[in-house]
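K.L.:
Right, I'll just put the structure down here and ask away after.
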């Protein structure tokens, strides 16, 4: 299945929360036999406050197929991200390994340590805006790997954090941006997936920006 996850809902259950999760809602549509009982059908993830489209495997055969595609980097994943500031390079590749942050185990960070996992992010600037809060850039981001918090960590590492990112962002800037535009969650949306199905057919799925993010873009364009 290719499904769209709204922001504000976790992908799967955790030890620290009893909330209804995205996968809980989808379980009736899955063939649960031979799938992970806690995270059935999940082959990639989106953060709780990130919206957008996902692939959910309905059975073990499709799960194995898509896991293999992801590992071989044969699935194209694009996001829209609004970040603080104007990018020096309008198109660039960020190739920096990521690992668990040593000071805060709930966060990730760029690292040169032996245990860090390879992470590659490609971005293109779509548009730049000058707001009362400060300059912002709308990016089209293509992630070649799927590390935890990858886009958010890489954007922070180059000093252009995702707008309204509570964990990795600029809190002072975020407060001003909320005051100006009313946005209450990080501006990150997975809008496109491209891959070949088991029959060799190329599939492309796209989704529009959700209302809260689109409202921000409309206001930015009106400046």
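K.L.:
With respect to residue 159, is the statement that it is more than 17 Å from the chain's Cα centre (by Cα), within 23 Å of residue 108 (Cβ to Cβ) and assigned to a loop (DSSP other than H, G, I, E, B) true?
P.N.:
Yes: the conditions hold for residue 159.
K.L.:
Could you please find all residues in the range 164-181 being part of a loop (DSSP other than H, G, I, E, B) and closer than 16 Å to residue 85 by Cα?
P.N.:
Scanning the range 164-181 gives 164, 165, 168, 169, 170.
K.L.:
Filter the range 146-156 for residues that are out of contact with any strand residue (DSSP E or B) (no Cβ under 6 Å at 6 or more places or on another chain) and part of a loop (DSSP other than H, G, I, E, B) and give the result.
P.N.:
Across the range 146-156, the qualifying residue is only 146.
K.L.:
Here's something else I'd like to know. Check 210, 198 and return the single one that is surrounded by fewer than 17 Cβ atoms within 10 Å (Cβ to Cβ) and either in the same structural domain as residue 57 (by TED's automatic domain parsing) or closer than 20 Å to residue 44 by Cα (or both).
P.N.:
When all the criteria are applied, what remains is 198.
K.L.:
Checking the condition modelled with pLDDT of 95 or more, in a strand (DSSP E or B) and surrounded by fewer than 18 Cβ atoms within 10 Å (Cβ to Cβ), which residue from 184, 203 passes?
P.N.:
203
K.L.:
Check 44, 78, 89 and return the single one that is within 17 Å of the chain's Cα centre (by Cα) and either in a strand (DSSP E or B) or without any contact (Cβ under 8 Å) to a residue 60 or more places away in the chain (or both).
P.N.:
Among 44, 78, 89, only 78 is within 17 Å of the chain's Cα centre (by Cα) and either in a strand (DSSP E or B) or without any contact (Cβ under 8 Å) to a residue 60 or more places away in the chain (or both).
K.L.:
Here is a further query. Please state which one of 45, 84 is under 22 Å from residue 118 (Cβ atoms), at pLDDT 90 or above and in contact with a strand residue (DSSP E or B) (Cβ under 9 Å, 6 or more places away or on another chain).
P.N.:
The conditions single out 45.
K.L.:
Residues of the range 1-41 being touching a strand residue (DSSP E or B) at 6+ places or on another chain (Cβ under 8 Å) and part of a loop (DSSP other than H, G, I, E, B), which ones?
P.N.:
Matches in the range 1-41: 1, 6, 7, 10, 11, 12, 30, 36, 41.
The values are calculated or read from the model by the stated rules, or taken from the named source; none is laboratory data. Computed from a predicted structure; not experimentally measured. For neighbour counting, all protein chains shown are included, and Cβ atoms are generated from backbone atoms with ideal geometry for every residue, glycine included.
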